[in-house]
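Taking it in order: structure first as structure tokens, then the write-up.
The values are calculated or read from the model by the stated rules, or taken from the named source; none is laboratory data. On a predicted model such as this, the values are computed, not experimentally measured, just so you know. Every residue, glycine among them, receives a Cβ derived from its backbone with ideal geometry; neighbour counts consider all protein chains shown. Side chains are part of the model used for accessible areas, which takes the heavy atoms of the whole protein and leaves out ligands, DNA and RNA. Shrake-Rupley method; radii C 1.70, N 1.55, O 1.52, S 1.80 Å.
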Amino acid sequence: MPESLTTIEEDAWSVLQDATTGRDRPYRYLTLASVARCAFPEARTIVLRSVDRTTRTLEFHTDTRSPKWLELKQNGNATVLGYSDQTRVQLRLRGSVQLAFPGSEQTERAWNALQPHTRATYAGGPPGDALPDETAEPAVEAQHPENASGKAAFGVLFFKALSLDWCRLERQNNLRAKFSYDDEGRLEALAWIAP
């Protein structure tokens, strides 16, 4: 007999919150899908940094020069997808993204909490730009001295879930449930749905 819908929903948010405690945790690396300017979906793997269970908000970090940032600036609707091969559970969250720009209180807080090696990932050229030599790995400072620390290109994405689609893959009886949230993050509706 499956767990109660309330337990499933609570457990889903617990595992998301737990994912922020270590890089080997399930759901630490999620897929964020946005809508590109050409109207095609764009999906990429991102690192889950924090979870606010009360407001149903996930925090991610990104380079503000990336196509992802520009897409979300134009259209904040997004989907976040994760799968755990340990539990065989897929979590698909639909919602909207708020951008925290460089220099904001949120980005300052997040930047100050980063390890130096993580900060360095924002110091190179804009994501997707061609490297000067295909075989070389250019020095970050030499390539973009105006962004030597990376801080000027660091932004935070706050994804607010409006719904959670939970699906557990079983050998003979897949289970699926849908949960909806109001603007404050309160659970508004829950139901079993066909897998």
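Summary table
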quantity: Pick from segment 88-103, criterion out of contact with any helix residue (DSSP H, G or I) (no Cβ under 8 Å at 6 or more places or on another chain) and part of a loop (DSSP other than H, G, I, E, B), ranking: farthest from residue 11 (Cα to Cα); calculated: 103
quantity: Exclusive hit being out of contact with any strand residue (DSSP E or B) (no Cβ under 9 Å at 6 or more places or on another chain) and in contact (Cβ under 8 Å) with a residue 40 or more places away in the chain, set 79, 31, 54, 64; calculated: 54
quantity: Count of segment 46-103 residues which are under 23 Å from residue 23 (Cβ atoms) and open to solvent by 50 Å² or more (accessible area, probe 1.4 Å); calculated: 11
quantity: Matching residues, segment 1-23, being open to solvent by 60 Å² or more (accessible area, probe 1.4 Å) and closer than 19 Å to residue 114 by Cβ; calculated: 21, 23
quantity: Cβ pairs under 9 Å, 6+ apart, first in segment 172-185 and without any contact (Cβ under 8 Å) to a residue 24 or more places away in the chain, second part of a loop (DSSP other than H, G, I, E, B) and basic (Lys, Arg); calculated: none
quantity: All positions within segment 104-118 that are surrounded by 12 or more Cβ atoms within 10 Å (Cβ to Cβ) and closer than 14 Å to residue 150 by Cα; calculated: 107, 108, 110, 111, 114, 118
quantity: Scope segment 124-160; condition more than 24 Å from residue 33 (Cβ to Cβ) and either modelled with pLDDT of 90 or more or among the basic types (Lys, Arg) (or both); matching residues; calculated: 150, 151, 152
quantity: Residue 36 being open to solvent by less than 20 Å² (accessible area, probe 1.4 Å) and in contact with a helix residue (DSSP H, G or I) (Cβ under 6 Å, 6 or more places away or on another chain); calculated: yes
quantity: Residue 6, sole failed condition from (1) touching a Lys or Arg at 6+ places or on another chain (Cβ under 8 Å); (2) modelled with pLDDT of 95 or more; calculated: (1)
